[in-house]
1. Quick test for you: out of R19, R47, pick the one residue that is under 20 Å from K111 (Cα atoms) and at pLDDT 95 or above.
2. Taking the residues in segment 118-135 that are at pLDDT 85 or above and surrounded by 16 or more Cβ atoms within 10 Å (Cβ to Cβ) as candidates, determine which candidate is nearest to P57 (Cα to Cα).
3. Out of the residues in segment 92-135 that are closer than 12 Å to A80 by Cα and of a type in the set (F, W, Y), which is farthest from the chain's Cα centre (by Cα)?
4. Could you check, for segment 79-95, whether at least one of its residues is surrounded by fewer than 14 Cβ atoms within 10 Å (Cβ to Cβ), in contact with a Lys or Arg (Cβ under 8 Å, 6 or more places away or on another chain) and over 18 Å from I18 (Cβ atoms)?
5. Quickly run through segment 93-116 and pick out the residues that are in contact with a helix residue (DSSP H, G or I) (Cβ under 8 Å, 6 or more places away or on another chain) and part of a loop (DSSP other than H, G, I, E, B).
6. Name every residue in segment 1-46 that is hydroxyl-bearing (S, T, Y) and in a strand (DSSP E or B), in order of residue number.
7. Starting from residues that are under 13 Å from the mean Cα position of the chain (by Cα) and in a loop (DSSP other than H, G, I, E, B), keep the ones in segment 66-85 and report whichever is farthest from S125 (Cα to Cα).
Amino acid sequence: MSTLVHVGVRATNLEDTIRFWRDALGLKVFSTMEGCYDLTDGYHNFRVFQHSGPERPPHVSGMLDYLHIGVRVPDLQEAAKRCEANGFTIISDGVGGEAYDPDSPPDESFKVEDPDGIVVDVTASDDQWPGVQPR
């Protein structure tokens, strides 16, 4: 069986994107090179490159996203607080698109966008995604 080990994305603003993945969602910076960071959860490599080509078209995001990424965090409410404290807007409570109420912390999952509009499903549950091993 193959093993998924690496995902890469290109960021419009590398430092804002690293602040999202590192400070708000808690991935660790493993290494840096000119124009990119390697982040990890200890199992997967997530490389974020600085986009340096022509102007990027707008990303389709929100509930119409064509790309989204799932992240499991140790504490869902703490992750939501870190996202909001770092200026990232939570776009829905749960993966089904329910309206987010900032006065009522999420209890199962939430969606938040990175600085380029990539939607991230955030959960603390071990059974959010079929086939993923529990912690």
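1. R19
2. Checked segment 118-135; the qualifying residue nearest to P57 (Cα to Cα) is I118.
3. Y100
4. Checked against the condition, which is being surrounded by fewer than 14 Cβ atoms within 10 Å (Cβ to Cβ), in contact with a Lys or Arg (Cβ under 8 Å, 6 or more places away or on another chain) and over 18 Å from I18 (Cβ atoms), segment 79-95 yields no hits at all.
5. Hits for segment 93-116 are G97, P102, P105, P106, D107, E108, D114, P115, D116.
6. Let us first name the residues in segment 1-46 that are hydroxyl-bearing (S, T, Y), namely 2-3, 12, 17, 31-32, 37, 40, 43.
S31, T32, Y37, T40 - these are the residues of segment 1-46 that are hydroxyl-bearing (S, T, Y) and in a strand (DSSP E or B).
7. L67
So that you can scan it fast, the table gives a plain yes or no per residue for (1) touching a residue at least 12 places away in the same chain (Cβ under 8 Å); (2) surrounded by 12 or more Cβ atoms within 10 Å (Cβ to Cβ):
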site	(1), (2)
C36	yes, yes
Q50	yes, yes
P58	yes, no
Y66	no, no
Y100	no, yes
S109	yes, yes
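The values are calculated or read from the model by the stated rules, or taken from the named source; none is laboratory data. What you see is a predicted model; the values in this text were computed from it and never measured. Counting neighbours? That spans all protein chains shown, and the Cβs are built from the backbone with ideal geometry, glycine included.
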